[in-house]
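J.: Just passing along the structure, written as structure tokens.
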Amino acid sequence: SRAIKTNQDLLPETPWTHIFYNDFWGTLLTHSGSHKSYRPLCTLSFRINHAVGGMDPWGYHLVNVLLHAAVTGLFTNFSRILFGDGYWTLIAGLLFASHPIHTEAVAGIVGRADIGACLFFLLSLMCYVKHCSTRGSSLSTWGWILGAGLCAGCSMLWKEQGVTVLAISAVYDIFVFHRLKMPQVIPALYKRKNLTLFFSIGLLTFWGTVLLGVRLYWMGNKPPSFSNSDNPAADSDSFLTRTLTFFYLPTKNLWLLLCPDTLSFDWSMDAVPLLKAVSDWRNLHTVAFYSGLLILAYFSLKGSSNERECNGRTVMNGKQNANGHSCHSEMEYKTLEGKSSFASKEENGIKKPEMQKLQLPSTENIVILSLSLLIMPFVPATNLFFYVGFVIAERVLYVPSMGFCLLVTVGVRALYIKAQKRFLKNLVFCSTAALIVFFGLKTVVRNGDWQNEEMLYRSGIKVNPAKAWGNLGNVLKSQSKISEAESAYRNALYYRSNMADMLYNLGLLLQENSRFSEALHYYKLAIGSRPTLASAYLNTGIILMNQGKTEEARRTFLKCSEIPDENLKDPHAHKSSVTSCLYNLGKLFHEQGHYEDALMVYKEAIQKMPRQFAPQSLYNMMGEAYMRMSRLPEAEHWYVESLRSKSDHIPAHLTYGKLLALTGRKSEAEKYFVKAIQLDPTKGNCYMHYG
């Protein structure tokens, strides 16, 4: 809703340049309540969607699916650089195309930020690969590195994590293209023949620093603030709890990639309980995860000193080709590529020059790159450098899943080559095919959950019952299933009793069904939970005013009007509620005959009114106040303004008609009365004024 439906930056009347000053939700980046999610290219794509198809969701979904298809194609193309033209490349592409973790990013419209960032992430990486292959032999190499930098910038403007592609490019250059081991990296930079490598890495570092510096400056040089429910661990007073939980969360994310059986639209609140003690058994998962990661990284970076497996063939004394790539077994290519085999021959440890362009990175090279691709894009979401506004977000795994798919593929390939018997080879191959099929089936099933809001929220009840029941209550209420909606709200509050939004929504439901005393109770609880919830003050004041408790209503409206919008997640909605409070306070003064006070309040409302607020009733009441004070020119001005803001506003037709009749312009007055009757023939008030 906030990213598209109520985002003013999508509307044609809003200057398109506002996109570059506001966050993803349309709030000014420098505002204290801004989410600081600066994704102007994604918002721009939404604006184009809106210009072409309005609010029809079909076009938005089409763009998401096309972007996912483009990313899958680019990823498969990149896999060819690592695996060659064979089944392994196909397997990597199919794993990525079908992985269920992508469902949220593709089926959820706001997930487009991750898909777009991934698209330019891959374009940047492919440009840098071209730069490496042409470096020192063609002037076009600098065009390729320029393209890599521009695409990295675009990726960051789709979503923040896109800037990490510069680090991945450096890893590719050092460990894949130059095939260096960790102890060799520093000495290699001092060798004269590696000056071009040093210069390329320096350019990547410089450009990454510039992008991050500009990004930090643009968002006001300070991180965003989030509520306790968004990221409970970040709000914990215990250092031990924060540490254990933050170390555990990457383990949980990896499990979602390995076994995406349980997926949810929201993992906030208590979806992942905090780890409060060392004795928590989940710490074993954390230890196993980091141990496995370190072991895998160590052996990949270290390699073997005397002999090493090159995809099935042993090369003695570490002799390898000079262009940074190692050998592959003929068995692998003959088995998997049939007649199109182009297995390179090795004679005395030297590759034939004409075959060098077909040689591929070693298993260790691919593992290093895959681990980097899995870890580095995920680092911004780890709470390592700054707290983030979520516990787990499936869409955030869209880019890191590329590293996961490469790891699975290279692991399966290693198993296939190690297997001596044909039966075992077939078993490995068929198991991989089955994995892809199961991933695809799970994606189809998960897409069913995203068909509509009710199914989506019901699917999340077992993971995050408080949030799921609360959102389900909103859906059921919109379907006029009042009793079911009330039960859903109460279920949500059973799991988390201090949710201000749910307390307010339940109060609103009760108010709309004339259960005013109960509604007041829940509004007061909502205000107690969140004292800045302006909409709760607004509805409390309206109920009190209708009950004749004018003094209490006046105090409530005044208190609401004084609440600042600092550090609020949705300042636009807050300003709308404050404006409505002032409007109702003005009406209260008007009914008491205090027209001067009413006018002062109305003018304050106009000053605080946000762009999306519908002002026709406010303008009409301004006219009414001036009318009662016999200041007819000012009254006429505000009646006209009311009709200009909403041409079918019936009260303004009637009040303006009365003014015209009073000033002797009977024929004009008749037109407005007739128009009011045409707008609503069932409204007796229109006939009375006309009569």
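J.: What's the total number of residues in region 472-498 that are within 21 Å of Pro273 (Cβ to Cβ) and either open to solvent by less than 20 Å² (accessible area, probe 1.4 Å) or not aliphatic (A, V, I, L, M) (or both)?
T.: Looking only at that region, the number is 7.
J.: Turning to a different aspect of this structure: Taking helices (runs of 4 or more DSSP H) that do not extend beyond region 153-268, which have at least 3 residues that are open to solvent by 20 Å² or more (accessible area, probe 1.4 Å)?
T.: 182-190, 195-218, 239-258
J.: Please go through region 352-395 and give me each residue that is at pLDDT below 90, open to solvent by less than 40 Å² (accessible area, probe 1.4 Å) and farther than 30 Å from Tyr38 by Cβ, ordered by number.
T.: Gln359, Leu360, Pro361, Ser362, Thr363, Glu364, Asn365, listed by residue number.
J.: Going residue by residue through region 169-187, is there one that turns out to be of a type outside the set (Phe, Trp, Tyr) and under 26 Å from the mean Cα position of the chain (by Cα)?
T.: Yes, region 169-187 has at least one match.
J.: Look at Ile48 and say whether it is among the β-branched types (Val, Ile, Thr) and without any contact (Cβ under 8 Å) to a residue 12 or more places away in the chain.
T.: yes
J.: A follow-up question, please. Quick test of your reading of the structure: His50 fulfils all but one of (1) of a type outside the set (Lys, Arg); (2) in contact with a Ser or Thr (Cβ under 6 Å, 6 or more places away or on another chain); (3) open to solvent by 30 Å² or more (accessible area, probe 1.4 Å). Name the failing condition by number.
T.: Every listed condition holds for His50 apart from (2).
J.: With respect to Leu407, is the statement that it is within 12 Å of Trp88 (Cα to Cα) and either open to solvent by less than 20 Å² (accessible area, probe 1.4 Å) or aliphatic (A, V, I, L, M) (or both) true?
T.: Taking the combined requirement at face value, the residue satisfies it.
J.: When the residues of region 506-537 are filtered to those that are crowded, with 20+ Cβ neighbours inside 10 Å and over 25 Å from Leu558 (Cβ atoms), which remaining residue is nearest to the chain's Cα centre (by Cα)?
T.: So, considering only residues that are crowded, with 20+ Cβ neighbours inside 10 Å and over 25 Å from Leu558 (Cβ atoms), the one nearest to the chain's Cα centre (by Cα) is Leu506.
J.: Inside region 396-421, can you point out the residues that are at pLDDT 95 or above and not in a helix (DSSP H, G or I)?
T.: Once the filter is applied, which keeps residues that are at pLDDT 95 or above and not in a helix (DSSP H, G or I), region 396-421 yields Tyr398, Val399.
J.: Turning to a different aspect of this structure: Taking into account only those residues within region 581-605 that are in contact with a Ser or Thr (Cβ under 8 Å, 6 or more places away or on another chain) and open to solvent by 30 Å² or more (accessible area, probe 1.4 Å), which is farthest from Met622 (Cα to Cα)?
T.: This residue is Gln592.
J.: I'd like to verify a number: residues in region 209-241 that are without any contact (Cβ under 8 Å) to a residue 24 or more places away in the chain and farther than 30 Å from Arg446 by Cα, how many?
T.: Counting residues in region 209-241 that are without any contact (Cβ under 8 Å) to a residue 24 or more places away in the chain and farther than 30 Å from Arg446 by Cα gives 11.
J.: Output the residues belonging to region 211-234 that are of a type in the set (A, V, I, L, M, F, W, C) and farther than 30 Å from Ser529 by Cα.
T.: Leu211, Leu212, Val214, Leu216, Trp218
J.: Leu618: over 30 Å from Leu11 (Cα atoms) and either in a loop (DSSP other than H, G, I, E, B) or in contact (Cβ under 8 Å) with a residue 24 or more places away in the chain (or both), yes or no?
T.: So Leu618 fails the test.
J.: Touching a residue at least 40 places away in the same chain (Cβ under 8 Å), on the phi > 0 side of the Ramachandran plot and open to solvent by less than 10 Å² (accessible area, probe 1.4 Å): is that true of Gly84 in this structure?
T.: The answer is yes for Gly84.
J.: Provide a single number: the residues in region 438-456 that are at pLDDT 95 or above, open to solvent by 70 Å² or more (accessible area, probe 1.4 Å) and under 19 Å from the mean Cα position of the chain (by Cα).
T.: So the answer is 0.
J.: Looking at Trp469, is it open to solvent by 50 Å² or more (accessible area, probe 1.4 Å), touching a residue at least 24 places away in the same chain (Cβ under 8 Å) and closer than 15 Å to Arg490 by Cα?
T.: Yes.
J.: Let me ask something else. Search region 99-116 for residues that are closer than 21 Å to Ala152 by Cα and pair each with any residue that is open to solvent by 10 Å² or more (accessible area, probe 1.4 Å) and aliphatic (A, V, I, L, M) when their beta-carbon atoms are under 6 Å apart and the residues are at least 6 apart or on different chains.
T.: Here the result reads Ile115/Leu67, each pair linking region 99-116 to a residue that is open to solvent by 10 Å² or more (accessible area, probe 1.4 Å) and aliphatic (A, V, I, L, M).
J.: While we're here: Please go through region 258-281 and give me each residue that is touching a Leu at 6+ places or on another chain (Cβ under 6 Å) and closer than 30 Å to Thr432 by Cβ, ordered by number.
T.: Result: Phe265, single match.
The values are calculated or read from the model by the stated rules, or taken from the named source; none is laboratory data. Here the structure is a predicted model, which is why all the values come from computation and not from measurement. Neighbour counts run over all protein chains shown; Cβ positions are idealised from the backbone, glycine included. The protein model used for the area step is the full one, side chains on, heavy atoms only, and it has no ligands, DNA or RNA in it. Shrake-Rupley method; radii C 1.70, N 1.55, O 1.52, S 1.80 Å.
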